[in-house]
Amino acid sequence: MDKVNLTIDGVKVSVPPQLTVLEAARRAGIKIPTLCYLRGISVSGSCRVCLVEVEKARSLAAACVMPVSEGMVVHTNSPLVRETRKSVLEMMLSDHNRECLTCVRNRNCELQTLADEYAIRDITFKGEKAKSVYDDKSFSIVRDGSKCIKCGRCVAACNKQSIGVLSFLNRGFETSIGPAFDVSMADAPCVYCGQCIVACPVGALFEKEETEDVWAAIADPDKHVVFQTAPAVRAAIGEEFGLPIGTRTTGKMFAAIRRLGADKVYDTNFGADLTIIEEGHELISRIKDGGVLPMITSCSPGWVRFCEFYYPEFIPNLSSCKSPHQMEGAIIKTYYAEKFNIAPEKIFVVSVMPCTSKKTESSREEHRNPQGLRDVDVVLTTREFARMIREAGINFTALPDETPDMDLLGEYTGAGVIFGATGGVMEAALRTVADILEDKDLPDFEYETVRGVAYDVKEAEVEIAGTKHKVAIAHSTAGARKLLDAIKDGSAPNYSFIEIMGCSGGCVCGGGQPIVPSQTLMDIDLRTERAKALYEEDVIMPERKSHKNHDVMKLYKEFLGEPNGHLAHELLHTHYSAKEIYPDNLVSE
Amino acid sequence: MLSYAVGGESTVGKTKLTPEEMSTKLDEALTHYEGQGQKALMSALQEAQEIYGYLPLPVQKRVAKTLNISVAEVYGVVSFYSFFSLKPKGEYIFNVCLGTACYVKGAQKILERIEDNLGIKAGDVTADRKFSISACRCVGACGLAPVILVNDDVYGRLTPEEIPGIIAKYKEA
């Protein structure tokens, strides 16, 4: 392919012609600041922070949208460029709530970083500030319009998910961002995936914080606090403490929970193994008894909500299994309570999740026992968990490696670990279903074809006990839409089993995970880097198939009885219902 | 006072559409836009507003569904353009010209008198949905300043004292 030659800050650069000035500069090691740009998601050129001087051009150009051309001479650091960027930032800051010290994004805010880098010392533009909305009505996502800089990254992220709940509203000085009719996120057809949060450069979008409830439970001598952590947490929590992206910190994660004062430390991977047994048997019986196929996984609450709002006709296809942490919560408040002789109402279950949708999931009425007790009392995001670790003064990186409490629900397998990456639930299920149907311990159980992020919809054919089965995997709700539309219009083959995760890459890039600056995201694929940590843990586990989890097997033997049996159904399964998008009576005239 | 009916026909006493008729008309209008996406949004909204007089949530939802775009995107456009209205209009819309010529001839006093008489502010509608008021820019009849339009009826060279009489005419209609 032909290359284009240009000069950036005196450096001669030769790059492919489809690149932008921003990308070309990045390759030459020259940093151009950005704010509204988010690789692969938001490219609008609207914030004007990336302005550069192009010789012979009429005016300054936005580097993020300016294509390279032969002979171009670019200056990214001229006095004019610096002065202009400074006034752009000043203007943005003049209408920004600058209470940085009490902001959830303090020290991880791209606007704050730029204000620092550009040595903004005074905001010369004074005057009225735009009115803004503070919306904390939903269980998952809080919007603070006073922090919003209208960069549009959240809108682009929501559109990328093919949901489009967020849009620019009104006009000019009154412009804001929100759902239709500016209703609360609680009333919008939002799946709470939280991709808007991880896209936001400032503190305008964040999770509904529940750390205080957890501190209170830990401090309460009457409460028995049990923590569980999702697989994806170990692949990212290290980033909050300065460790490189992709560092696996499983042992330190367990140690940190113990030091926070939890009474018991478990891993949601146990729940994942349990899910595979229940879901695997559900699949086998659907295949054998002519049940509704394809069966679709139900671990991702963002996906489940997406299905309830946008594809209710697929509700019969959803596995009736609760998600792993909900199963584990239900088991903790029954089997565990019985074994350790603790009253279920005294048990406080905290799930640390990479997910914001799980907060809403755990509050669903379906996830309470007949006495009204919730399976899981609080869901913390990975970020909230990190905040608690900091607040407790724990030196995370210096912690020793510890294990979960190996007393009843502590064991987990490699199959549970990979649940956190796209294709992981599928692979874990295949490992178990193949062994059950063939009635042997199959030596080849790594299903490479279902892994990876190259496509948002993946397809594979597996042969189990002499029968060929087509399976599919979608990650991101946009991928889900693509796949379900293909099934609806008949262009897709007859799948037996489908895995869908609401976020691109799976849970490792969930909306509750540490927020990585957009400049870093220009150089790496976060999904791949974090998933590596999980596959790394899978191979070192003594057991790598869910049905080989001794604690899970003991649970069936001593308590549950048969998989999909009566008690299993009562505790581990749930149901779904179609949800209406913006009900007509939502807005009064 | 000078009064004209634009197009020769006064709107006084015109019958309005029932909700069912409006719904059917909207269905007909939207068939042309099926699956056309963002590019057809402006014209679809314009037609919908012509039928309903404004764009309530259920109408925006139907437009979104037809074009296969999100409701938030539709609302974003509706709230951007002042031409689109989120509030219902009355059966009779008092459009008060606040253009320069009318303004210097006392249009503000005319507007205030209408507001006082109907008990609503510009942009609002009476509880019985009979009347609404909107302020508009120059209607191009500066020679008749100050001017108001009631639907398609034009009233010029007005004084505030004439307002109660005009309103009474439509109240009885």
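What follows draws every value from the coordinates through simple rules; no lab data is involved. Not measured: the values here are computed from a predicted model. Glycine gets a Cβ as well: all are built from the backbone with ideal geometry, and neighbour counts include every protein chain shown.
log₁₀ I(q)/I(0) of segment A:29-74 at q = 0.13, 0.22, 0.32 Å⁻¹, via Debye over equal Cα point scatterers, no solvent, to two decimals?
Log10 of I(q)/I(0), two decimals: -0.29, -0.78, -1.26.
Exceeding 31 Å between C-alpha atoms, which entries from my cross-link table qualify? They are A:Lys468/B:Lys65; A:Lys131/A:Lys322; A:Lys346/A:Lys557. Let's see the in-between values first.
On the way: A:Lys468/B:Lys65 39 Å; A:Lys131/A:Lys322 42 Å; A:Lys346/A:Lys557 26 Å.
In this structure, A:Lys468/B:Lys65; A:Lys131/A:Lys322 exceed 31 Å between Cα atoms.
Starting with the fewest neighbours, write out A:Met253, B:Met42 ranked by other beta-carbon atoms found within 10 Å of each beta-carbon. Please list the in-between numbers first.
Working: A:Met253 26, B:Met42 13.
With the fewest neighbours first, A:Met253, B:Met42 line up as B:Met42, A:Met253.
Pairs A:Lys150/A:Lys358; A:Lys440/A:Lys545; A:Lys288/A:Lys440; A:Lys288/A:Lys333: which are spaced more than 21 Å apart, C-alpha to C-alpha? Write down the numbers at each step before the final one.
Values: A:Lys150/A:Lys358 27 Å; A:Lys440/A:Lys545 12 Å; A:Lys288/A:Lys440 19 Å; A:Lys288/A:Lys333 33 Å.
Over 21 Å apart, Cα to Cα: A:Lys150/A:Lys358; A:Lys288/A:Lys333.
Could you check the spin-label model distance between A:Glu366 and A:Thr102? Points 7 Å from the Cα along Cα→Cβ, value in nm.
Here the modelled spin labels are 3.9 nm apart.
Spin-label point model (7 Å from Cα, Cβ direction): what's the A:Asp523 to A:Lys131 distance in nm?
About 4.5 nm, to one decimal.
With 10 angstrom as the radius, rank A:Leu534, A:Leu409, A:Leu260, A:Leu80 by how many other C-beta atoms surround their C-beta, starting from the fewest.
A:Leu80, A:Leu260, A:Leu534, A:Leu409
Report, in whole Å, the centroid distance computed from the Cα atoms of segment B:76-121 and segment A:159-203.
The distance from the Cα centre of segment B:76-121 to that of segment A:159-203 comes to 31 Å.
Taking the number of other C-beta atoms within 10 Å as the exposure measure, put A:Ser546, A:Ser146 in order starting with the fewest. Walk me through the intermediate numbers first.
On the way: A:Ser546 30, A:Ser146 18.
Going from sparsest to densest Cβ surroundings: A:Ser146, A:Ser546.
For chain A, what is the relative contact order in percent, using Cα pairs closer than 8 Å and at least 6 residues apart in sequence? Before the final figure, lay out the partial values.
Values: 1157 pairs, mean separation 93.9, N = 589.
Once normalised by length, the contact order is 16 percent.
Determine the equivalent ellipsoid of the protein assembly as shown by diagonalising the alpha-carbon gyration tensor, then write out the semi-axes as square roots of 5 times the eigenvalues, largest first, rounded to whole Å.
On the way: eigenvalues 563, 226, 134 Å².
Values for the protein assembly as shown, descending: 53, 34, 26 Å.
Beyond 21 Å, what share of the Cα-Cα pairs of segment A:93-207 remains, rounded to the nearest whole percent?
Details: 2315 of 6555 pairs.
When all Cα pairs of segment A:93-207 are counted, 35 percent exceed 21 Å.
Roughly what % of DSSP beta bridges within segment A:211-572 run antiparallel, to the nearest 5? Let's see the in-between values first.
Working: 9 of 31 bridges.
Antiparallel: roughly 30 percent of the beta bridges in segment A:211-572.
Using the beta-carbon distance between A:Ile120 and B:Asn68 and R0 = 45 Å, what value does 1/(1 + (r/R0)^6) give for FRET efficiency, to the nearest 0.05?
0.55
Along the Cα-to-C-beta direction of A:Thr113, a point sits 7 Å from the Cα; which residues of segment A:496-532 have their amide N less than 17 Å from that point?
A:513-527
Within straight cross-link reach of A:Lys31, meaning Cα distance under 18 Å, which aspartates and glutamates are found once same-chain residues fewer than 8 apart are removed?
Counting by Cα, and skipping residues close in sequence, A:Lys31 has these aspartates and glutamates nearby: A:Asp9, A:Glu23, A:Glu53, A:Glu83, A:Glu110, A:Asp116, A:Glu117, A:Asp523.
As an exercise, use a Förster radius of 45 Å and the Cβ-Cβ distance of B:Ser43 and A:Asp2 to find the FRET efficiency, rounded to the nearest 0.05.
Details: r = 43 Å, r/R0 = 0.95.
Efficiency computed from Cβ-Cβ geometry: 0.60.
Go ahead and estimate [θ] at 222 nm for the protein assembly as shown from helices alone: -39,500 (n - 2.57) per DSSP H run with n ≥ 4, summed, over the residue count, rounded to 500. Intermediate values should be presented prior to the final figure.
Numbers: 27 runs with 258 residues, N = 762.
Rounded to the nearest 500, it is -10000 deg cm²/dmol.
Work out the length of the dipole vector of segment B:19-80 about its Cα centre, built from +1 on the beta-carbon of each Lys and Arg and -1 on the beta-carbon of each Asp and Glu, and round it to the nearest 20 debye. Could you put the intermediate results ahead of the total?
Values: 5 positive and 8 negative charges, 53 e Å.
Result for segment B:19-80 is approximately 260 debye, rounded to the nearest 20.
I'd like the distance separating the alpha-carbon centroids of segment A:474-552 and segment A:211-277, in whole Å.
20 Å
Can you pull the one-decimal nm distance between simple spin-label points at B:Lys121 and A:Thr397, each 7 Å off the Cα toward Cβ?
With each label point 7 Å from Cα toward Cβ, the separation is 5.7 nm.
With +1 on each Lys and Arg Cβ and -1 on each Asp and Glu Cβ, how big is the dipole of the protein assembly as shown about its Cα centre, in debye rounded to the nearest 20? Spell out each step's value before the answer.
Values: 86 positive and 103 negative charges, 500 e Å.
So the magnitude is around 2400 debye.
What relative contact order, as a whole-number percentage, does segment A:131-250 give when Cα pairs under 8 Å and 6 or more residues apart are counted? If you can, show how the numbers build up before the last one.
Details: 157 pairs, mean separation 28.4, N = 120.
Relative contact order of segment A:131-250: 24 percent.
Return the long-range amide H neighbours of B:Val154 (sequence gap of 5 or more, or a different chain), with a cut-off of under 5 Å between placed amide H atoms.
Excluding prolines and chain starts, which carry no amide H, the hits are B:Tyr4, B:Ala5, B:Val6.
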